[in-house]
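The values are calculated or read from the model by the stated rules, or taken from the named source; none is laboratory data. These numbers were taken from a predicted model, which means no experiment stands behind them. With ideal geometry, Cβ positions are generated from the backbone for all residues, glycine too; neighbour counts draw on all protein chains shown. Ligands, DNA and RNA are excluded from the accessible area calculation, which covers all protein heavy atoms including side chains. Shrake-Rupley method; radii C 1.70, N 1.55, O 1.52, S 1.80 Å.
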Amino acid sequence: GFQLDIDEPARTVTVHGLAGRIPANKADLFVGNSGTSIRFLAAMVCLGHGIYTLDGIERMRERPIGPLVDQLRTLGATVAYLDTEGYPPIQINGHGLAGGHLDITPTHSSQYTTALMMAGPYMTRGLALSFDGPPISWPYIDLTLANMGRFTPGYAPLGSQQDIKITPGVYTPTPFAIEPDASAASYFFAAAATQPGSRVTLEALGPDSVQGDAKFAQVLQQMGAVLEVTGAGLRMTGPEQLQGIDIDLNAMPDAAMTLAAIAPLADGPTVVRNVGNWRIKETDRMAALATELARVGAIVSVEGDDLHVYPPEDGRITPADIETYDDHRMAMCFAVLGLAQPGIRIKDPACVNKTYPEFFEDLELLRTGGDAHA
C-alpha cells in the first residue's frame, strides 16, 4: 500500500513513508526465492493491522523461518504456519508489536536479527537483544546498526556482539546513497586475482565500507594478489600464482563462495571454514559447490561446516557445464573460474537476474576496460 516513485534511468527510488503505519490491511506477498525479503517483511508486517500472507517458490518453502517466528511470537506477534511447521508460507495477523527483551541464540542467519532490529523503533516498549554466543555474520548486524542510526536522528541504536538496545522512535526521511554491492564486487576482484598481471579498480568501495564483504579483497591479498587503496577505490592486481589458504569466512558467506570457486586455481589446498549457513541459502550451497567443483576436476570434501578444496593435480580444470541450481551466486562465481581457464559453460545464466541482471554485460567489459555497474 505504500507509494514509491521509481526512476530507473536515474537509479533512484523515493519511498513515501507513513511513520510506521502500513496502509493495507490485507496482502499476499510472494517473495520468490528472496530470503532477505521474507525475513524483513515478516517482522515489518507485524507492525501493521491486518492479515498478511508470505510465501515464495518451492525452494523458499524449504528455507527455515522458525527461529524468527519464535522471536516474533515472544514479542507479541500472531503468526501461523500454513503448511510445514517452521517454514513458509506463513500468515501474520498484525496488531502491532509490544517489543521487550529477547535472548538470542546464534542461528544460521543474521537476517532474523536484522529484521527484528529494523522493526524495533516501532515496538511500543522498544527492543533489547542479548546474544547467547557470538552472532553469526556480525558485519551485517553492524551494518544494520550503522544505517538505522542514519534514519533516526536524536538517538543511535546501541549495540555490541553481546547486547543491542533499540528505544522507541520514528525513522526520518533521509537521502540515502547505496554503496556499491561488495558481494557483487567480489567477482571482479577475483577475476583480476586469477589473471596474472590483470588489474581491476572498484570505485567508491574503500576500506571504510560498512559491508563485511568488502574485506574479501584482503582475503585475496592473503592468496598473493596485490591490493592497493587509491583515490578512486580499491585496486586488485593478479599475482603469478594464487596460494591456497585456510580461513574462517563466517562473516562473509556470500563472498566465501567466490573463494571456493577459484580455489582450484591455487597452488595448494584451500579450506573455507565455518560456512554451515550455506545449506539454507537459495540452494544448499555446500552441496552445490562440492558437486560443481568436483565436476571441474577439483578434489573436494565437506567436514562439518568446512569445505576443503584441492586443485587438480595438473593445475588444469576439466571443461564442464555448471549447474546453477537457480542460485545467482553459483552462476557468477563459476563464471569467474571460466574467465581464468577455458571450458566452463554456465547453465541457466538468467538466474543472475535476482540481484545482478547486468552481470554478464559487465563481465564482458573486462575485455575492454569499460565501466561496470557492480
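For this structure, a couple of remarks:
- Ratio Rg/Rh [Cα only; Rh per Kirkwood] for region 107-155: 0.96
- Take the Cα of T105, step 7 Å toward its Cβ, do the same at D208, and the gap between the two points is 4.1 nm.
- Solvent-accessible area of region 11-110 (1.4 angstrom probe, protein heavy atoms only): carbon and sulfur portion equals 53 percent.
- Each pair of Cα atoms in region 324-365 enters the Kirkwood radius, and Stokes-Einstein at 37 °C and 0.692 mPa s then converts it into a translational diffusion coefficient of 319 µm²/s.
- Accessible surface, per residue, of region 1-156 when the full set of protein chains is kept, probe 1.4 Å, Å²: 46 Å²
- Shape parameters for region 5-65, alpha-carbon atoms, Rg then Dmax in Å: 13.7, 37
- What the Cα convex hull of region 1-144 gives, in volume per residue, is 119 Å³.
- Region 38-111 and region 127-196: distance between their alpha carbon centers, rounded to Å: 21 Å
- Three-way shape label, region 121-220, alpha-carbon gyration tensor, a/c 1.5: oblate
- Within region 130-148: backbone nitrogen closer than 20 Å to the D70 label point (7 Å, Cα to C-beta): 130-138
- A helix-only calculation puts the chain at -8000 deg cm²/dmol for mean residue ellipticity at 222 nm, using -39500 (n - 2.57) for each DSSP H run of at least four residues, averaged over all residues.
- Atom-type composition of the exposed protein surface of region 213-310 places 46 percent of the accessible area on carbon and sulfur (1.4 angstrom probe).
- Three-way shape label, region 270-328, alpha-carbon gyration tensor, a/c 1.5: oblate
- Normalised Debye scattering of the chain at q = 0.06, 0.08, 0.13 Å⁻¹ gives log10 I(q)/I(0) of -0.24, -0.43, -1.11, counting only Cα atoms as equal scatterers and leaving out solvent.
- Choice from A255, A290, A24 with maximal GNM fluctuation in the chain (Cα, 10 Å cutoff): A24
- In this structure, the residue pairs whose Cα-Cα separation is over 26 Å, taken from K165/K281; K215/K281; K215/K354, are K165/K281.
- Radius of gyration, Dmax [region 195-276; alpha carbons; angstrom]: 12.6, 37
- P(r), alpha carbons of region 205-253 - 10 Å bins starting at zero, rounded %: 26, 50, 24, 0
- Summarised as an ellipsoid, region 247-291 has semi-axes of 17, 12, 8 Å, derived from the eigenvalues of the Cα gyration tensor scaled by 5 and square-rooted, with the largest first.
- Residue with peak Gaussian network fluctuation, the chain [Cα springs, cutoff 10 Å], from G304, G50, G206: G304
- Across E8, E58, the residue with the most accessible area heads the list, and the full order at a 1.4 Å probe is E8, E58.
- Percentage, to the nearest whole number, of Cα pairs in region 292-353 over 20 Å apart: 28 percent
- Heavy atoms of T107: accessible area, 1.4 Å probe, square angstrom to 10: 40 Å²
- Per residue, the convex hull spanned by the alpha carbons of region 154-298 comes to 145 Å³.
- Convex hull volume of region 183-225 per residue (C-alpha atoms, cubic angstrom): 64 Å³
- Under conditions of 37 °C and 0.692 mPa s, region 219-327 yields 227 µm² s⁻¹ as its translational diffusion coefficient, taking Rh as the Kirkwood radius over Cα pairs in the Stokes-Einstein equation.
- Each residue, E179 and Q243, gets one label point 7 Å from its Cα in the Cβ direction; the gap between the two is 2.7 nm.
- Solvent exposure of region 250-374 as accessible area per residue, Å², 1.4 Å probe: 40 Å²
- Among A214, A261, A287: highest mean-square fluctuation, GNM of the chain, C-alpha pairs under 10 Å: A287
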